[in-house]
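What follows is a single structure, written as structure tokens, with notes after it.
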Amino acid sequence: MTGSNTVGTTHEAPLWEPSAADVARANLTRFQDFLHTTRGLTFDDYNALWRWSVTDLEGFWAALWEFFDLDEVSGYDSVLGDESMPGAQWFPGAHVNFAGYLLAQGEPDAVAIVSVDESGAVSRLTWAEMRSQVAALAATLTRLGVRAGDVVAGYVPNIGESVVAFLATASLGAIWSSVGQDYAPSAVVDRFAQLRPKVLVTSDGYRFNGREHSRVEAVDEIREGLGTVEHVILVSRLGALPQGDCLPWEDAVAGGASLEPVDVAFDHPMWVLFSSGTTGIPKGLVHGHGGFLVETLKQMVLHWDLRVDDRVFWYTSPSWVMWNLQLSTLVTGGSILCYDGSPTHPDPSTLWRLVADHAITFFGTSPGYLQASENAGVRPAKDFDLSRLRAMGSTGSPLAPYLHRWARDEVDALPLWSMSGGTDIAGAFVGGAPTVRIWPGEISVRCLGVAMEAWDEQGHPVYDEVGELVVHRPMPSMPVFLWDDPDRSRYTEAYFSTFPGAWRQGDWITINERGSVVIHGRSDSTLNRNGVRMGSADIYAAVETIPEVTEALVIGAEQADGTYWMPLFVVLDDGLALDDALVERIRRAIREKASPRHVPDEVIAVPGIPHTRTGKKLEVPVKRILQGAPPETVANPDAVDDATLLRPFVDLAAERSAPAGPGRP
């Protein structure tokens, strides 16, 4: 997740500020009252509360445990047995089950999940029905041989059945991992083959952009590529009949089993989320039951200010951590809406219509969708009944100030919290708070318990200037380990090699004088389109199947106006030219072999791709050049195999930044 992109402190009026009634009603205020009553602590403002939360880590997380009555779930020996990173040991002695805690919430007859597909078909699960299906599916998985520590993989659309499948898996102490069905089979195998799953939960297909997309053949290809899958459970979305030994979903959730979640150690693996795979096979990030539980309660109740009467809708995919975060909002006992379809079909007002039709109270979106709405002339508050909507979230890319203002003017004067965190921590580093003002283009606060700073290259904190996003004390939701990384060497290299003992996220940020945070984009080369992150390796694997293409380089660049530009540069065989037919073949290869959501905005022929002396493509330097950085500040010519190959990118950057004039479009 990545949010806003302006520099410095703005001096205009805030876009939103809480009323006295908002502050009095906020869950965060209840928590502060609890701290005063039980510990004699008083804080003048949010920043003072945040400073205490990161200075007295044990005191903060112990208070959170007590505030949410987790003592009724489990005791513990200590809050933080070891603070070293990586390897911090949280709540040793505690035994919990995330699914068990979540399923204990909610009134039986209240709706838990609303599922809507692009055709408009709607289905609902009450809390009682959800619990019954989870129990039945857990019994089925047990009968199929799934035990604690085994892996169940989901190649699934964003539907209620996928949520049930995760909860059933987690209730057994087994490990869940999922991707959406827009991923090509080869990209799925790259991820799931590492996990050696025993069961695959999947669907025969999905609807997107007005078309049905059958995945029957893809499922066969994935199963063959994995080799370890013993059973397939199939949800029929397009009417296909289960083939061979596939178990129909209806049979898998039939029966009257009782729900018996298995209590596991605090750091017992719950799911594997995947990195984007920028430099090779995607990394499997393993998160534990307890760490995600306490992070979720903090985030959803204190920061998102959710309650039992809220219904959350975040446009997302099972490939993205926001899917995991949306389902986790059920810990409040409320409900969620799962939408399986395009956000702009049949028109760009689709998501606003869903917000209105299903009485959404908290809507999560992206700057890309807000931009599409603005471009299409959609006026959400005028066109739809948004009277139930009380708050919004935005992530996936920087939220430009003008889009922040557009939302205030055209949606309503309600909080729109830009936030940033991601797959790595299954949560947020920075976001909103119901008691804090919101300024255009800024992220309001550093989240409680997150010891985050902007550091310069020497590892010194900086303020009101750009630095690296660094977390210098542990968080409970940091990965407990990376998959197939027994000595933690890959974990250390990924997050702790730049600043030993401190987590480097890979974002450029500014923390301003009022404590707001501005995020300027990735400092690495992850492709992050509308919040769906993918590494360049997946794109290259697809493009370089085209015989005419000898090499390629792709970058995703956040632009000054808040847009996101993703060009693909290709080197062709001698004597060949880039024509429309070849461009279309390249686009089709990416769409079919990697992801239709990562088809480039432009395909541009270049004479060659610059590399480091050790052969790595200069993705980050090229990205920064195309964002306007002088080439000498981002790439040492002595470290480049052929520095002259940077010139076409410098020229393109100059061309794109030149003002329009006579004869220019």
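No lab work stands behind these numbers, since they all come straight from the coordinates. Everything numeric in this text was worked out from a predicted model, so none of it was measured. Cβ sites come from the backbone with ideal geometry, for glycine too, and all protein chains shown count toward neighbours.
Structural remarks
- If both residues of a DSSP beta bridge must be in the chain, then about 60% of such bridges are antiparallel.
- Considering only alpha-carbon pairs that sit under 8 angstrom and 6 or more positions apart, the relative contact order computed for region 258-351 is 20 percent.
- Full extension of the segment from Ala193 to Glu230, taken as 0.36 nm per residue of separation minus the current Cα-Cα distance, would add 12.0 nm.
- Of Lys298/Lys623; Lys198/Lys617; Lys283/Lys593; Lys593/Lys623; Lys382/Lys593, pairs whose Cα-Cα distance is over 30 Å: Lys298/Lys623; Lys198/Lys617; Lys382/Lys593
- Of Val549, Pro269, Gly396, farthest towards positive along the dipole that unit charges on Lys, Arg, Asp, Glu beta carbons give the chain: Gly396
- For region 419-491 versus region 103-117, the spacing of their alpha-carbon centroids is 32 Å.
- Cα centroids of region 529-581 and region 170-204: 27 Å apart.
- Spacing of the two label points (7 Å from each Cα toward its C-beta) at Arg39 and Glu592, in nm: 5.8 nm
- Scattering from the chain was approximated by placing one identical point on each alpha carbon and applying the Debye formula without solvent; log10 I(q)/I(0) at 0.11 1/Å stands at -1.16.
- Remark: the Ser387-Arg656 segment gains 92.6 nm on full extension, using 0.36 nm per residue and subtracting the alpha carbon distance.
- Stretching the chain fully between Glu107 and Asp487 yields a gain of 132.3 nm (0.36 nm per residue, less the alpha carbon separation).
- Here Arg124 and Phe496 are evaluated by their C-beta separation; at R0 = 41 Å the FRET efficiency comes out at 0.35.
- Entry note, region 398-541: relative contact order of 19 percent, from Cα contacts under 8 Å with a spacing of 6+ residues.
- Bridges between two residues of region 375-498, per DSSP, are antiparallel at a rate of about 75%.
- Relative contact order for the chain, counting Cα pairs under 8 Å that sit 6 or more residues apart, in percent: 16 percent
- Region 250-393 - share of DSSP beta bridges that are antiparallel (%, nearest 5): 40 percent
- Sum of side-chain charges, Ser171 neighbourhood, beta-carbon under 12 Å (Lys, Arg +1; Asp, Glu -1): -1
- Tyr402 paired with Glu66, simple spin-label distance in nm, labels 7 Å along Cα-to-beta-carbon: 5.1 nm
- Taking all C-alpha pairs of region 555-623, those more than 15 Å from each other amount to 62 percent.
- The simple Förster model, with R0 at 60 Å and r as the Cβ-Cβ distance, assigns Glu548 and Arg514 a FRET efficiency of 0.65.
- Within region 173-213: backbone nitrogen closer than 14 Å to the Asp245 label point (7 Å, Cα to C-beta): 198-200
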